[in-house]
Structure formats: structure tokens, C-alpha cells
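Just below is one structure, and these are the notes that go with it.
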Amino acid sequence: MLLKKYILTTGAAALVLSSLSLPNAASAQKIPSLKDTFKKDFGIGTAMNNAQIDERDPATTAFIASQFNMATPENIMKSALIHPKWDTYNFEMADKLIVFGKKHNIKINGHTLIWHSQLPSFIRGIKNADSIRTFFTDHIKTVAGRYDGKVLSWDVVNEALNEDGTMRKSVFLQYLGDDFVTEAFRLAQQAAPKTELYYNDYNNEQPAKRAGCMALIKKIKAAGVRIDGVGIQGHWHVGKVPFKDIEESILQYAALGVKVMFTELDIEVLPRNFQGADVGQRMTANAQSNPYPEALPDSVQNQLAADYENLFRLFLKHKDKVTRVTFWGVNDADSWLNNWPIRGRTSYPLLFDRKNQPKPAFEKVIALKN
Ligand code: G3I
């Protein structure tokens, strides 16, 4: 299984393998690199899980280093994990990620300082504004301060908006009021002067939510506080990628003077009866909910490839405004979509299959530059 169409190693090891007189060796090629292909256009990132940060599998480490020049921790910098108790922080895995980034020349986007989800359990017991404000302030100062100059950027606030563009009723809105987003950026700016600061959300390419997001960005700027970029997560569905909304969003956000990024890109192929990425929303399994347990049918594979091709064509068209495209996982096996909104499904949302082999979508994306 080592030699299929591509050799699953890089650098010197690949040269050795291709020089061996193994069956198929002559036709084996090195997998083209996404980060090299788009190096003059925008950064190419991936989400990273614990095993990957821990470098438990050398082949995976080499693969990540060969394909990506940016990374976002999928979970380990979220407050529940990095700040598990009122006065206890756990920096072990985040520190490892910084080391990983340095070693492999990968820039890190911190994710995320203020989010209503994956909060430490002690927050549930707090019922007064002063304590929430103390948590909010200490958390941002401590975490953003520790990694200033070590991470490229932070998603300072994540998912503060409802679909209609109004503010989500989170614990932060409830106790700190409408200005909590601006305050989070103000604190981050003080604690991390060398770090780029972003607002990140899903569906914020949709017109109503986009309007709310643009109003937030304007509000932060009007307060004299720095915001460097906006992240459009990009959790879309095959055959339904909203290209027109995406293009309008790139243009409108960029006109506000912020960088535009696609921060959690994946394209779902499994059935779902709602749009977006609200982790609180679940679906009940039925006989149709896991239609492709063995393999993706060609028709869906081709649609997925066409969607990715058109997306990257759009990103390239606006490469002066789009600074980064980050996939939410290295390969299909890593994806959160295998377990959300229904646990234990088999999804195929990324460019690499479960063995890190390029899918037709990868070939289409790479071909745009050849
Ligand atoms: O670590 C525990 C483990 O100890 C336990 O045994 C296991 C049993 O359920 O759960 C593990 O925690 C899971 C964690 O991922 C680590 O794998 C949580 O249950 C699970 O809910 C959590 O899901 C993450 C989700 O955010 C949580 O909100 C996904 O991995 C992660 O991909 C997802 O990422 C979010 C972005 O941060 C923000 N935008 C949406 C995006 C997708 O939901």
C-alpha cells in the first residue's frame, strides 16, 4: 500500500523510495505541496489535533510539514482546556504547538480567546458580572500575553453573532453587555501588541450575518481598537457552496480595511437538515444518515472536486485580499464532521483521504496553478 499513485513520504525518503526497483515505483510521484503551490498567493493552514501536535506519528508530521505553512489548534487553546480552573492554566499542549510551529516553519493562529462554547465548567457556577469580567480580563491577559510574538494571530472572539446579525445571547453578552467584543480586542491589543487580532465566525458570508459582522468590525475600529482580520470559517455543503455571497463578503470585508481569511474550510457531503456549524445543534441518526460508510460515489466526489476548484478559483481571483485558507483537519479521518451533528458517520470533506492520498478535489485545486 506504500506506493499508489503518490509516495507518502517527502524529501530524501521519497527519493530513496522512488529509486528502488519496486513494482510501480517508476510511476510513483511525490505529492505536490499545497503550501508551495500557493506560496505567492496566500497561506495554507490546517487544524491540528492532540496526536498531531504531540508528533505521535512521524509520517503524519512529515506530511503536515510538507503541505501546510499555517496551523490552528483544533481544541487545545480553547478556554476549557487551557484554563480549566479559576486560577489554573494548562499550557502544556499549546506550548508544544509553538515548538512544532518553530521546528516545521508553520505559523500558528491561536484559537480562540473568547467563545461561548467549550468554556471551563466553573463558569456555570458564576452568576455575577464582576466575576465574569475578572475571568474575561485575566484569561485574555494571561493567554494572549504568554503567546505574544509566538503566535502569528488570535481569533480573539469566535461566533458572537446570530444568523440574523444580532448578538448571540452568550454568558459574555448577558453579563458584560454589547461592548464585550470591543473590550476583548482592547485587552488582546494590550496583552499582545505583536499579534494579529481577528474576529471569526461561520455563515458570516451570508448577507444578514455579514451585515452584523461588518457592524462589529466598524464598532471596534470606531473605538480606536485594533482588528486586523476577519475569519469566514467556511463550513459548507457539497453542491451548495454560496459562491456569490463569498465573493461579496471578500470585497465588503476588505473594503473595511481588514484581511480576509477562510479559517475552518471543509465541505460536508453527508445529509444535514440545517446550515452552519453551531456545535450545540445535533441531529438524530436514521437509516439514511450515513450513506457512504465504505466509499464516496463518483458523482459526489466529482461535485466535491468542482466545488473546491471553484472556491480556489475565487480565492485566487482575490488573492490581494485573502491572506490564508485553513482546512479544518489534515485528512478525512481527522474531520469533526465524522461526529457532528451525528456521531460515528463517515464523512469526506477535505482534500486528502484517510490515508493522506490526494482526492480528485486536490488535483483540481493544484491544477489551477499549472
Ligand atoms: O477530549 C474529550 C475526551 O476526553 C472525551 O473522551 C471525548 C468523548 O466525547 O470528548 C473529547 O472532547 C471532544 C473534543 O472535541 C476533542 O476531541 C468533545 O467531546 C468534542 O465536542 C470536541 O469537538 C470540537 C468542537 O469544536 C467543540 O466545540 C471539535 O473537535 C472541533 O473541530 C470543533 O471546532 C469548532 C471550532 O472551534 C469553531 N467553529 C466550529 C468548529 C466546528 O465545530
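The values are calculated or read from the model by the stated rules, or taken from the named source; none is laboratory data. All values derive from a computational prediction rather than experimental measurement. No Cβ is skipped: glycine too gets one built from the backbone with ideal geometry, and neighbour counts run over all protein chains shown. In case anyone asks, the SASA skips ligands and DNA or RNA and just uses the protein heavy atoms, side chains included. Shrake-Rupley method; radii C 1.70, N 1.55, O 1.52, S 1.80 Å.
Tabulated results
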item: Cβ-placed point charges (K, R +1; D, E -1), dipole of the chain about Cα centre in debye, nearest 20; result: 520 debye
item: Sequence-distant aspartates and glutamates (8 or more away, or on other chains) whose Cα lies within less than 14 Å of residue 244; result: 205, 307
item: Accessible solvent surface per residue of the chain, calculated while the other protein chains remain in place, 1.4 angstrom probe, Å²; result: 42 Å²
item: Over the range 34-367, relative contact order from alpha-carbon pairs under 8 Å, at least 6 apart, %; result: 16 percent
item: Scattering curve values for the chain, log₁₀ I(q)/I(0), Debye with Cα scatterers, q = 0.10, 0.11, 0.12 Å⁻¹; result: -0.63, -0.77, -0.91
item: The chain - share of DSSP beta bridges that are antiparallel (%, nearest 5); result: 10 percent
item: Convex hull of Cα atoms in the range 43-195, direction-averaged projection (nm²); result: 9.3 nm²
item: Restraint check, 150/364; 35/359; 107/364; 40/218; 96/141; 96/218, Cα-Cα greater than 24 Å; result: 150/364; 107/364; 40/218; 96/218
item: Residue with peak Gaussian network fluctuation, the chain [Cα springs, cutoff 10 Å], from 142, 134, 346; result: 134
item: Packing-based order for 106-114, 361-369, 170-178, using average beta carbon neighbours within 10 Å, highest first; result: 106-114, 361-369, 170-178
item: Mean Cα-pair separation over length for the range 179-233, i.e. relative contact order, pairs under 8 Å, 6 or more apart, %; result: 50 percent
item: ³J(HN,Hα), Karplus 6.51/-1.76/1.60, whole Hz, each residue of the range 75-87, x for Gly, Pro; result: 9, 5, 9, 6, 4, 4, 8, 8, 9, x, 10, 2, 10
item: For the range 231-329: relative contact order, % (alpha-carbon pairs under 8 angstrom, 6 or more apart); result: 45 percent
